[in-house]
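No value in this document is a laboratory result; all are computed from the given coordinates. What you are looking at is a predicted structure, and each value in this text was computed from that prediction instead of being measured.
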Amino acid sequence: MPGSHKDTIPRRGLGIVTLSIGIVLSIVATFPLFQHSDYISNHGDVNRGLIYSGVARDSILAGHIPTWNPYLCGGSPLLADVESWFLQPFFFLTLPFHELLAMKISFALTLCTAFVGFAFLGRKILGFQ
């Protein structure tokens, strides 16, 4: 019978398909970043982000809470700065990886999260089928 509950994809299968599509789309969108993973892009203000994440990483690895950046503009706060990467959700990637690679992986994970979140929003709130 058309329109019945049996015609729809199971919730678990839909989640796997949505996550797979999100991963593929984020890889396609960020593939140019990973072609040369050692090169810094000149798009945006990447250097400032690398300074913030590098100083926070060094502070954490030294056993301190990253609250102060002594290298930028004669010293600036890390914890109270809106541009600080320390409180970013994917900052934990900076600890095992280099700052540049962690930033690029963070971009890909952010896009994947956005794709999956949009699919969830569309299904639950907007009623997409």
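Close amide-amide hydrogen proximity is noted between Asn69 and Ser76, Leu78, each under 5 Å apart and 5 or more residues distant or on a separate chain (H modeled in the peptide plane; Pro and chain starts excluded).
What the phi angles of the stretch 62-67 give under the Karplus curve with 6.51, -1.76 and 1.60, with θ = phi - 60°, is a coupling list of 8, x, 10, 7, x, 10 Hz, glycine and proline written as x.
The phi-based Karplus calculation (6.51 cos²θ - 1.76 cosθ + 1.60; θ = phi - 60°) puts the 3J(HN,Hα) values of the stretch 27-36 at 5, 5, 5, 9, 4, x, 5, 8, 5, 10 Hz, whole numbers, x for Gly and Pro. Scalar couplings 3J(HN,Hα) for the stretch 84-96, obtained by applying the Karplus form with A = 6.51, B = -1.76, C = 1.60 to θ = phi - 60°, are 5, 8, 5, 9, 5, x, 9, 5, 4, 5, 5, 5, x Hz; x denotes Gly and Pro.
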